[in-house]
Amino acid sequence: MNAIKYKAIVKNGRLDMPIINLPEGTIVEAILLIEQESQIDIDETAYLLSTEANRRNLIEGLEELKQPQNYIYVDIAAL
């Protein structure tokens, strides 16, 4: 499986994508991931930071991300 990632901004209700040269008849699956900054995100952030225990857990989690030995690598081809 191959993948192409492209980030674009919708203008005038249209999503302009670059031309991708694929062989005729190639089957593709398109998934649009829409970024949203909403009130829900703000509320969730406020909740996560609302107590000292939550703040401490978040900081510890961020520190763990700085240590590659904590990463779990997944072979996409094996899925």
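Only the coordinates and a few stated rules stand behind these numbers; no lab work does. Worth saying up front: this structure is predicted, and the values here are computed from it rather than measured. Every residue, glycine as well, gets a Cβ built from its backbone with ideal geometry; the counts of neighbours run over all protein chains shown.
Observations on the model:
- The C-alpha atoms of the chain define a longest principal axis, and helix 52-65 lies at about 50 degrees to it.
- Axis of helix 39-48 versus longest Cα principal axis of the chain: the two differ by about 40°, to the nearest ten degrees.
- In the chain, the DSSP-assigned H stretches of four residues or longer account for a calculated mean residue ellipticity at 222 nm of -9500 deg cm²/dmol, using -39500 (n - 2.57) per stretch and the full residue count as denominator.
- Placing +1 on the Cβ of every Lys and Arg and -1 on the Cβ of every Asp and Glu, with nothing else charged, gives segment 39-78 a dipole about its Cα centre of roughly 120 debye.
- Legend: calculated FRET efficiency, residue 28 to residue 76, from the Cβ-Cβ distance at R0 = 22 Å, rounded to 0.05, equals 0.85.
- Placing +1 on the Cβ of every Lys and Arg and -1 on the Cβ of every Asp and Glu, with nothing else charged, gives the chain a dipole about its Cα centre of roughly 260 debye.
- With 10 Å bins beginning at zero, the pair-distance distribution over Cα atoms of the chain amounts to 11, 23, 29, 26, 10, 1 %.
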